[in-house]
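The values are calculated or read from the model by the stated rules, or taken from the named source; none is laboratory data. What you are looking at is a predicted structure, and each value in this text was computed from that prediction instead of being measured. Glycine gets a Cβ as well: all are built from the backbone with ideal geometry, and neighbour counts include every protein chain shown.
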Amino acid sequence: MMELASRIGQAAEAIRKRWPGTPHAGIILGTGLGTLAEQIEQEAVLDYGQIPHFPRSTSISHTGQLVCGRLQGLGVVAMEGRFHAYEGYTHQQITFPVRVMKALGAELLVVSNACGGMNPQHDQGDILVIEDHINLMLGNPLIGVNDESLGPRFPDMVAPYDPELIAAALEIARKENFAAHKGVYVAVTGPNLETRAEYRFLRAIGADVVGMSTVPEVIVAVHAGMRVLGLSIITDRCLPDALRPVNIEEILATAAKAEPNLRKIVLGVLAREAERKSSRTAP
């Protein structure tokens with residue numbers, strides 16, 4: 001972990017040479033939130049290859065660059081493209097950018113993804129605001145010697161997703177009149193989609209949606225003392241007794257259609273964060 005701290009410092013220094021700002025929020029633009037980068041007042045854009053120790057994204061629809069600038073009056077760093085275990089990356093590699101975001105000064109992590117919906121009350125294209133998760137990814141980014149400068153040996157996961165941010169996200173959805181639910185996200189390794197038997201099992205253990213990302217990044221964010229907002233677009237319905245084949249093109253099309261609603265939540269939450277930050281600094 002001491003070596004990890006050194007790598008984090010090197011990556012943060014490379015970013016600061018291009019962008020001297022301090023982010024309030026780090027954003028992982030997963031499937032369904034890619035166009036949010038267009039609304040950032042961009043002050044620097046770095047290809048992942050320009051940042052020491054950053055992996056390379058190989059996933060479809062993931063650009064592979066870090067956007068630095070301002071959004072809703074706040075400093076932000078946004079990843080256009082994340083990393084997955086199914087690409088062959090370790091959990092430490094997957095979560096390295098979150099460590100760097102924290103080192104740059106980020107207090108908040110916003111993470112988005114596309115997921116399969118197993119709750120029959122949720123529909124395709126709905127937004128799920130994650131209130132808890134189940135880790136079935138056969139790994140954990142905190143395994144190994146712990147560096148206390150990065151976080152505690154045994155971080156508490158009683159509320160990994162910030163309750164105030166969850167409430168704010170659901171309130172924004174109500175005001176904007178689109179469907180959003182809070183629920184439990186289960187993370188699996190992938191890359192294949194699940195069998196009928198697996199969907200029945202995942203639903204039985206308490207999950208509302210299933211995906212192949214997010215949980216490692218959230219674990220590290222909590223370890224680092226960051227507040228977290230997790231958002232999922234339900235891109236396909238995974239009901240075992242009414243299951244039909246899906247393909248990546250259909251998933252991406254559903255995500256694109258729901259993206260404006262996801263964007264409204266993120267922009268609304270960041271606007272509230274800006275007001276909160278302003279009130280703290282007011283004389």
Quick count over the stretch 153-169, residues being of a type in the set (D, E, K, R), within 28 Å of ILE143 (Cα to Cα) and out of contact with any Leu (no Cβ under 8 Å at 6 or more places or on another chain), is 2
Quick count over the stretch 141-163, residues being touching a residue at least 60 places away in the same chain (Cβ under 8 Å) and over 13 Å from VAL222 (Cα atoms), is 5
Among (1) within 28 Å of ILE8 (Cβ to Cβ); (2) within 17 Å of the chain's Cα centre (by Cα); (3) crowded, with 17+ Cβ neighbours inside 10 Å, the one test that MET157 misses: (3)
In the stretch 183-202, residue surrounded by the most Cβ atoms within 10 Å (Cβ to Cβ) [restricted to those that are aromatic (Phe, Trp, Tyr) and out of contact with any Pro (no Cβ under 7 Å at 6 or more places or on another chain)]: TYR185
Could you say whether any residue in the stretch 130-138 is surrounded by fewer than 17 Cβ atoms within 10 Å (Cβ to Cβ) and among the charged types (D, E, K, R)? no
Return the pairs, sorted by first residue and then second, in which the second residue is among the basic types (Lys, Arg), the first residue lies in the stretch 117-137 and is in contact (Cβ under 8 Å) with a residue 40 or more places away in the chain, the beta carbons are less than 7 Å apart, and the residues are 6+ apart or on different chains. GLY117/ARG237; MET118/ARG203; GLN124/ARG237; GLY125/LYS257; VAL129/LYS182; GLU131/LYS182
Determine whether ILE205 is among the hydrophobic types (A, V, I, L, M, F, W, C), in contact with a strand residue (DSSP E or B) (Cβ under 8 Å, 6 or more places away or on another chain) and surrounded by 15 or more Cβ atoms within 10 Å (Cβ to Cβ). no
Only one of these conditions is not met by ARG244: (1) closer than 25 Å to GLY190 by Cα; (2) basic (Lys, Arg); (3) buried (at least 17 other Cβ atoms within 10 Å of the Cβ). Which number is it? (3)
Quick count over the stretch 9-54, residues being in contact (Cβ under 8 Å) with a residue 24 or more places away in the chain, in a helix (DSSP H, G or I) and more than 27 Å from GLY211 (Cα to Cα), is 9
Would you mind finding the one in THR31, THR58 that is touching a helix residue (DSSP H, G or I) at 6+ places or on another chain (Cβ under 7 Å), among the polar types (S, T, N, Q) and under 20 Å from VAL228 (Cβ atoms)? THR31
The stretch 237-252, residues that are modelled with pLDDT of 90 or more, out of contact with any helix residue (DSSP H, G or I) (no Cβ under 6 Å at 6 or more places or on another chain) and outside any loop (DSSP other than H, G, I, E, B): ARG237, ASP241, ALA242
What number goes with the only condition from (1) assigned to a helix (DSSP H, G or I); (2) modelled with pLDDT under 95; (3) crowded, with 17+ Cβ neighbours inside 10 Å that VAL266 does not pass? (2)
